[in-house]
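Just below is one structure, and these are the notes that go with it.
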Amino acid sequence: MPDAPAHACHVARCPELIPRGGQCPHHGSRKRRDGERGPGSTGERGYGHSYQKARAYKVATTPLCERCARQGRTVLVQQVHHKDGDTSNNAWENLESLCTACHGRETRARQGGPA
């Protein structure tokens, strides 16, 4: 049986080819070798069980991006945004169903970038 074709490492601009998808040995082990950690689990970032339940209910009841809907566009919700930026405040009035584009604009605006 012939070998599967090689794939590029998933790290941008890495020229390494590997037999399966993922990262080459250099990039795949870098975090472990350097002792680095990613941004943390969803629970560590404030998106624990309470948020997951609130998010599921918000998506079920408001399945369209609220900002796009106000402009007459029909775009499915992809992210549930905390209006006040507090990830522990899962009150219904603090959650907003957004598409990725609207959430990105909101995030850039909060960080002082162009909306």
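Restricting attention to the range 73-82, the residues that are farther than 21 Å from residue 42 by Cα and modelled with pLDDT under 95 total 0. Selection of the range 83-106 for residues being under 18 Å from residue 41 (Cα atoms) and out of contact with any Lys or Arg (no Cβ under 9 Å at 6 or more places or on another chain) yields 86, 88. Residue 14 meets each of the listed conditions (1) at pLDDT 70 or above; (2) under 26 Å from residue 79 (Cβ atoms); (3) part of a loop (DSSP other than H, G, I, E, B); (4) not basic (Lys, Arg) apart from (2). Residue by residue through the range 84-99, note down the ones that are acidic (Asp, Glu) and closer than 15 Å to residue 62 by Cα. 93, 96, listed by residue number. Within the range 53-85, the set of residues being assigned to a loop (DSSP other than H, G, I, E, B), in contact (Cβ under 8 Å) with a residue 12 or more places away in the chain and not hydrophobic (A, V, I, L, M, F, W, C) comprises 62, 63, 78, 83, 85.
Please indicate, with yes or no, whether at least one residue in the range 29-39 is modelled with pLDDT of 70 or more and under 15 Å from the mean Cα position of the chain (by Cα). No, the range 29-39 has no match at all.
The values are calculated or read from the model by the stated rules, or taken from the named source; none is laboratory data. Keep in mind it's a predicted model, so treat the numbers as computed, not measured. Quick reminder, even Gly has a Cβ in these numbers, built from the backbone with ideal geometry, and neighbours come from all protein chains shown.
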